[in-house]
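Participant: First the structure, which I've put down as structure tokens, then a few questions once you've had a look.
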Amino acid sequence: MEPSRGPTGARPEQGHVAPAALLLGAAAIHFAVAPEHVREYPLYGLLFICAGVLQAGLAVALLRLRSRALAAAGVASSLGLIAVWALSRTTGLPVAPVPWTPEAVGLADVSAGLLEAATAALLVADLATAGRPVAAGRWRQPAALAAAALLTVSGVTGVLRAAAPAGGAAAMPGMGGFGPAAGTSAQPPAAAGQPGGGRVDVFTLVAQTATIGGATEWTFGGTVPGPELRVTQGDRVRVTLVNHLPVSTTIHWHGIRVANAEDGVPGVTQDAVASGATYTYDFTVPDAGTYWYHSHQDTFDQILRGLFGPLVVEPRGGAVAESRDYPVMLYDGPGGWAVNGTGGDLHLDAGPGERVRLRLIDAAAPGMLGTPPEPVLVGAPYRVVALDGQDVRGPQTLGAERLELGMGHRLDVAFTMPERGSVRLLTAGGGPTVTVGSGPAPAPPARDDALPLFDMTQYGTPAPDPLADATHYDATFPLVLDTQGLAPNAGTRLRQTINGDTSDMGPMFEVRQGWLVRLHVVNDTAEWHPIHLHGHELTVVSKDGQRVAGSPLHLDTIVVGPHETWDVVFRADNPGLWMLHCHNLLHARMGMTAMVRYQGFTTPYQLGGPAGNQPH
Ligand code: C2O
Ligand code: CU
């Protein structure tokens, strides 16, 4: 097509400067929003980059030559992009982080839409008058330029503002660089006036592969650990899992007393979420504290590959007393233990005199023996303020002790930064060190294994506890933890069992709603077994026959050491079908698993099946 030159031949025709400016504005917004979308879901990000390139290209062409075809292309592309935008806000798009789910309307997308609408309007007017100057032409251009500038600025501001709480999931301190905002992570979008008065926290977790340190990992949100989810006690939490992994997966909310249907156990409370599919969890968080989330499909494999992250519930009515509040997640990295995304040393900010809380979360799968990590804190007196998310009553100040952490277990320590020097959390055996604050490092203890072992059953201040003090139980179930068969290197399949039961889900303990149930856990092995009950709180009565002498202990994971015996009780107040298993994932895979079933409760789901449900 022969382009028609403007009156002066060499100079661009003025009539097209305005639409070009509007298009450039829209392109700028698309480019600004692209990085966030690339991170979220590359294909979706590519859409935005293409739109930006198309618009920038058209704008440059419109500036350089006057052509009806070019004007028509400008109209068509603008209207097309407006149509796509309208779809994304009403029915949702097939290619999006969450397919076929409408997105929220924001400053950025409205600005881009207005820029495109104005472009189309100007170009249509131009086509209609065949380029003849019209009376309105005098004000049209300055008005369009002003509108272009204004909308571009507002659109890009919208992108920057939205970038902070993207998806409501804030980056974890220490993962790929952290800032002072760590610990005061951005709040997810909230909706007021929900039933129960709580807010609704909305998150999207995209399960996706990511290349980390040269290795291909399975991740939530592209990082290991996944993003820190931080909510407030009483909130309603809605998490959409978008599965872009090549395999099916689920999310279990470890330690949170969710309704059974939200527990994330494939074959028990749901079907595993297939590759390419989406699933939304919706639950209320009744208790404040430190928790974590992880895949419960093919758990042994999927946690080791990176599918887990921290979940912090702040107390109703205000944050914790410590101004520096850091989850510290220990897990298996490519070359041994890693912490918050680094296999090296992790540094966390804190100034002299500042109060610090470290929320230690053990997501590291121990070997067959299951020896738990025993980090040691040096550099300041500290207190263990919470165990498995529940506050310790009247915790005493401690010196260097080995803080035993079984897999799945959480332990919060709190301390005040010294006037000079840093505080360090040391892990034995060449594991990473966590350094809090700057300044000279405290001297490490001469010999780790000579340090006292922290004993939670003797720690804190005693108080009456209705469950621990109960004298009558509606049921007592013995759980004998045992090993059957020979060692793996003897070539025989080894089984780990509860009560010798070798069925897929192990023994079934039937309870009735309202019952007070006692579990008498006997470890007949020379290994450690972190025993975890889903959906309930375990109150410890005694260990090796010794009653708890310190603060009442409310846990979801009890770390049962070699040949130890633990008595714990729970109130059957959350109907459903719940897993009760060793959280040494290797042991669970080998059969150390059981179920608690409320009488009359049935599930429509099954192990295996078309969804390939495999909860261990
Ligand atoms: Cu941390 Cu069955 O789970
Ligand atoms: Cu075990």
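The values are calculated or read from the model by the stated rules, or taken from the named source; none is laboratory data. Predicted, not measured: the structure shown is a model, and the values here were computed from it. Note: ideal-geometry Cβ built from the backbone for every residue, glycine included; neighbour counts use all protein chains shown.
Participant: Does segment 424-436 include one or more residues that are within 16 Å of ligand 1 (Cβ to nearest atom) and at pLDDT 95 or above?
Facilitator: Within segment 424-436 (the criterion being within 16 Å of ligand 1 (Cβ to nearest atom) and at pLDDT 95 or above), the answer is no, since none of the residues qualifies.
Participant: Within the group Thr284, Thr249, which residue is of a type in the set (Ser, Thr, Tyr) and surrounded by fewer than 21 Cβ atoms within 10 Å (Cβ to Cβ)?
Facilitator: Step by step, each of Thr284, Thr249 is checked, and only Thr284 is of a type in the set (Ser, Thr, Tyr) and surrounded by fewer than 21 Cβ atoms within 10 Å (Cβ to Cβ).
Participant: While we're on this one: Could you tell me which of the residues Gly506, Gly535 is farther than 14 Å from Leu479 by Cα and within 16 Å of ligand 1 (Cβ to nearest atom)? Walk me through how you get there before you give the answer.
Facilitator: On the way: Gly506 fails: farther than 14 Å from Leu479 by Cα.
The match here is Gly535.
Participant: Which of the residues that make up segment 198-226 are within 20 Å of Ile361 (Cβ to Cβ) and either assigned to a strand (DSSP E or B) or among the hydrophobic types (A, V, I, L, M, F, W, C) (or both)?
Facilitator: Asp201, Phe203, Leu205, Ala207, Ile212, Glu217, Trp218, Thr219, Phe220, Thr223, Val224 - these are the residues of segment 198-226 that are within 20 Å of Ile361 (Cβ to Cβ) and either assigned to a strand (DSSP E or B) or among the hydrophobic types (A, V, I, L, M, F, W, C) (or both).
Participant: Of the numbered conditions (1) assigned by TED's automatic domain parsing to the domain that holds Asn523; (2) under 31 Å from the mean Cα position of the chain (by Cα); (3) free of Cβ contacts under 8 Å to residues at least 40 places away in the same chain, Gly500 fails exactly one; give the number of that condition.
Facilitator: Exception for Gly500: condition (2).
Participant: Now for a different question. From the set of residues in segment 524-549 that are within 16 Å of ligand 2 (Cβ to nearest atom) and touching a Gly at 6+ places or on another chain (Cβ under 7 Å), which is nearest to His296 (Cα to Cα)?
Facilitator: His532
Participant: A further question on this structure: Only one of these conditions is not met by Gly550: (1) away from ligand 1 (no atom under 16 Å from the Cβ); (2) closer than 14 Å to Ala572 by Cβ; (3) in a loop (DSSP other than H, G, I, E, B). Which number is it?
Facilitator: (2)
Participant: Within segment 574-615, which residues are within 13 Å of ligand 1 (Cβ to nearest atom) and part of a strand (DSSP E or B)?
Facilitator: Within segment 574-615, Leu577, Trp578, Met579, Leu580, His581, Cys582, Thr593, Ala594, Met595, Val596 qualify.
Participant: crowded, with 21+ Cβ neighbours inside 10 Å, outside the structural domain of Thr539 (by TED's automatic domain parsing), assigned to a loop (DSSP other than H, G, I, E, B) and under 26 Å from the mean Cα position of the chain (by Cα), is that true of Gly408? Spell out how you get there, then give the answer.
Facilitator: Numbers: crowded, with 21+ Cβ neighbours inside 10 Å: yes; outside the structural domain of Thr539 (by TED's automatic domain parsing): yes; assigned to a loop (DSSP other than H, G, I, E, B): yes; under 26 Å from the mean Cα position of the chain (by Cα): yes.
Answer is yes for this residue.
Participant: With (1) in contact (Cβ under 8 Å) with a residue 60 or more places away in the chain; (2) more than 16 Å from ligand 1 (Cβ to nearest atom) as the list, and Trp566 as the residue in question, which single condition is left unmet?
Facilitator: (1) is the only condition that Trp566 fails.
Participant: What's the number of the condition Leu555 fails, among (1) of a type in the set (A, V, I, L, M, F, W, C); (2) touching a strand residue (DSSP E or B) at 6+ places or on another chain (Cβ under 6 Å); (3) farther than 25 Å from Pro286 by Cβ?
Facilitator: (3)
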